[in-house]
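To keep things clear, I will list the structure first and then write my remarks on it.
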Amino acid sequence: MLTKGLIKNIGFQVVVAMVLGALAGALMGEQATVFAPFGTLFIQLIKMLVIPLVAVAILSGAANLGASPAAGKIGVTTLAFFLITSALAVFLALVMGQIFKPGVGVDFGSTAAMFSGDYADKGELPDAVATLLGMIPTNVFSALNEANILQILVFCMFLGIALAKQPRERAKPLVDGLNTLVDA
């Protein structure tokens, strides 16, 4: 599993890279665009890692929880944490929107021609049942290919729980392999 020291080290390196990038931009001005390929490379490397890392980490975590009595408590606590932080994020976004009023005074007339209105009235919000059904992938490889993170998370949780329910000696090689991937 990822250690706190490794996570702090990676975070420190990212902060240093951001500060160096900002300094290069401030000192070099327009000439700093010579470093643009490095930024593009960095973003592509991050995108390359996100889906596999999330999938393997969720699988490993769910499988390692196993049938322990703490699994339910951890699951409920995690769900409560995500609900609370999501509600806080929405509240903060609404408050900041009221304070800063983004988009007020901007003339969108010149950009209206860039967008088609053909589909604007055809969109509708899905109901709760459609949303829940949309979380379940019909094809996990398609969800992976489309980077549908919610479907990937649901699949990995189910597979991890199924692994945890297997006899320890049968699941151990796969769980050990998942832990090795997470560490890598």
- [ ] Identify, from the list D183, D127, the residue that is under 14 Å from V56 (Cα atoms), open to solvent by 60 Å² or more (accessible area, probe 1.4 Å) and charged (D, E, K, R).
- [x] D183
Task: Cβ pairs under 6 Å, 6+ apart, first in the range 11-25 and more than 15 Å from F42 (Cα to Cα), second of a type in the set (G, A, S) - done: A24/A32; G25/A32
Task: Count - residues of the range 14-45 that are surrounded by fewer than 11 Cβ atoms within 10 Å (Cβ to Cβ) and more than 26 Å from the chain's Cα centre (by Cα) - done: 6
Task: Output for the range 50-81, where each listed residue is at pLDDT below 75, open to solvent by less than 60 Å² (accessible area, probe 1.4 Å) and either touching a Pro at 6+ places or on another chain (Cβ under 7 Å) or farther than 17 Å from Q166 by Cα (or both) - done: A70, G72, G75
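The values are calculated or read from the model by the stated rules, or taken from the named source; none is laboratory data. As the structure is a prediction and not an experimental result, all values here were calculated from the model. Note: ideal-geometry Cβ built from the backbone for every residue, glycine included; neighbour counts use all protein chains shown. Ligands, DNA and RNA are stripped out before the accessible areas are found, and what is left, the full protein with its side chains, is counted by its heavy atoms. Shrake-Rupley method; radii C 1.70, N 1.55, O 1.52, S 1.80 Å.
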